[in-house]
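Structure first, commentary second.
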Amino acid sequence: MVDTHAGLYVHVPFCRAKCAYCTFSSVTAVGEVSAWVEAVLAEADRYRDRLGPFGTLYVGGGTPSLLGPAELRKLLGGLRARFSFAPGCEITLEANPEDVLWDMAALWRDEGIERISVGVQSFDDVFLKKLGRRHTARQALTALETLRRAGCANLSVDLMWALPGQTLDQWERTLEEVLSFEPEHLSCYELTVEEGTPLAGAVSRDSLPDEASACVFFRKTSQLLRRRGYIHYEISNYARSPVLVSRHNVKYWRHVPYLGLGPAAHSFDGQSRWANERSLKRYVAGMRQGVSVVRFREKLSAEQRRLERLFLGFRTGEGVSVDMVGATPEARDAARRAVRRGLLRLHDDRLVPTLKGWLIADRLPLLFP
């Protein structure tokens, strides 16, 4: 059954240190957590009765696992007091391995956070060091063991491939390592080296896989995980069953409304989208002063919404409806050509990307006039 309820996202901007590849909005001023909680709940007050009930709550970052017991309880209790949540609401919290201790895992469980997404990235200390991660391979393994012992029945693990100097054999060993924990969900991302990050200045381009090699990594990942029973439901995401997909992220890909709270958080109400101030200092100050912290707002035209649904839909295993690409003879001809080229397949009046099509997912919408 499709969850059509809106999603709620809370951005926790705090990190002990910024990873070498990261471009997300984050700060190391962990002493500001209490002020951030107050600001988020003040922002939540502004949206009472605007959206809801919410079908998902995603606490992301940054490093949400840095939140202490009192801060987490205040945040969750405050959100529950201000918003309504649908029965069976999926609650996800992102965690770094070094923060997964028994008492915290038990706290998350007792607070109703049934889905934990662990940013492992690699089980190889050499690669972890290159990425600027603070945890070790041993800590990553211990974290997954701890979550299982604490009763976490919906475990998601983030991994990265195409790391500097990484071989396909090393990547396959990483997958086998994580599969020993039988995670309900896996996110396998290709490393993107962004200009301006420490990683961009630390690695040479020739140490990264070329396009042909990256295609091999991608295909091998999909083939191996599908053989092990996982559904490849989005370019980078795999679930052990349809009910174990990331229901929150699916809302983004289906263009379902969502509300984002916190600095740099984005929101979408079905017609317009907006984004908050990125600076934690200015965000907190704005909430204290009672002024708007929205720094960007855009009302989407019908054509913009259609194009976004195409771009997002072609990232997923659901694809898009034939009608969405257009009813003109030119659009239908383009669809037939894409099917003949092996980029798309027709399934129940939907155009679904193949693995070959997913390799150029961002260009698929451009095939249709």
For a quick check, take a GNM of the chain with Cα springs below 10 Å and name the residue from SER65, SER84, SER301 with the largest mean-square fluctuation.
SER301
The relative contact order of segment 302-367, taking Cα pairs under 8 Å that sit 6 or more residues apart, comes to a percentage of 37 percent
With a Cα-only, solvent-free Debye model of the chain, what are the log10 I(q)/I(0) values at q = 0.08 Å⁻¹?
-0.42
Return the single residue from GLU90, GLU234, GLU111 with maximal mean-square fluctuation; model: Gaussian network over the chain, springs between Cα atoms under 10 Å.
GLU111
Have a look at GLY119, GLY55, GLY68 and tell me which one the Gaussian network model of the chain (Cα, springs below 10 Å) gives the largest fluctuation.
GLY68
Where the Cα atoms of segment 302-367 are projected onto their three principal axes, how long is each span, largest first, in whole Å?
29, 23, 21
Please give the charge dipole size of the chain, origin at the Cα centre, charges +1 on K and R Cβ atoms and -1 on D and E Cβ atoms. Round to the nearest 20 debye.
640 debye
So what's the gap between the Cα centers of segment 264-284 and segment 301-343, to the nearest angstrom?
29 Å
Which value in deg cm²/dmol, rounded to the nearest 500, describes the helix-derived mean residue ellipticity at 222 nm for the chain, given -39,500 (n - 2.57) per DSSP H run of n ≥ 4 and division by the residue count?
-11000 deg cm²/dmol
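What's the exposure ranking of MET287, MET324, going from fewest to most Cβ atoms within 10 Å? List each step's numbers first, then the result.
Numbers: MET287 23, MET324 18.
Going from sparsest to densest Cβ surroundings: MET324, MET287.
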Over the chain, relative contact order from alpha-carbon pairs under 8 Å, at least 6 apart, %
16 percent
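What does DSSP give for the chain in terms of the percent of beta bridges that are antiparallel, rounded to the nearest 5?
40 percent
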Ranking of TYR230, TYR258 by count of other Cβ atoms within 10 Å, fewest first
TYR230, TYR258
Among the helices of the chain (complete DSSP H runs), which have Cα atoms covering no less than 15 Å along the helix axis and a Kyte-Doolittle mean of at least -0.5?
33-46, 69-82, 137-149, 211-227
In debye to the nearest 20, the charge dipole size for segment 302-367, taken about the Cα centre with +1 at each Lys and Arg Cβ and -1 at each Asp and Glu Cβ, equals 280 debye
For the chain, please report how many Lys pairs fall under 19 Å Cα to Cα, leaving out neighbours fewer than 8 apart on the same chain.
5
Calculated SAXS-style log₁₀ I(q)/I(0) at q = 0.14 Å⁻¹ - segment 259-300, Debye, Cα scatterers:
-0.29
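No value in this document is a laboratory result; all are computed from the given coordinates. None of these values were measured; they are calculated from a predicted model. Glycine gets a Cβ as well: all are built from the backbone with ideal geometry, and neighbour counts include every protein chain shown.
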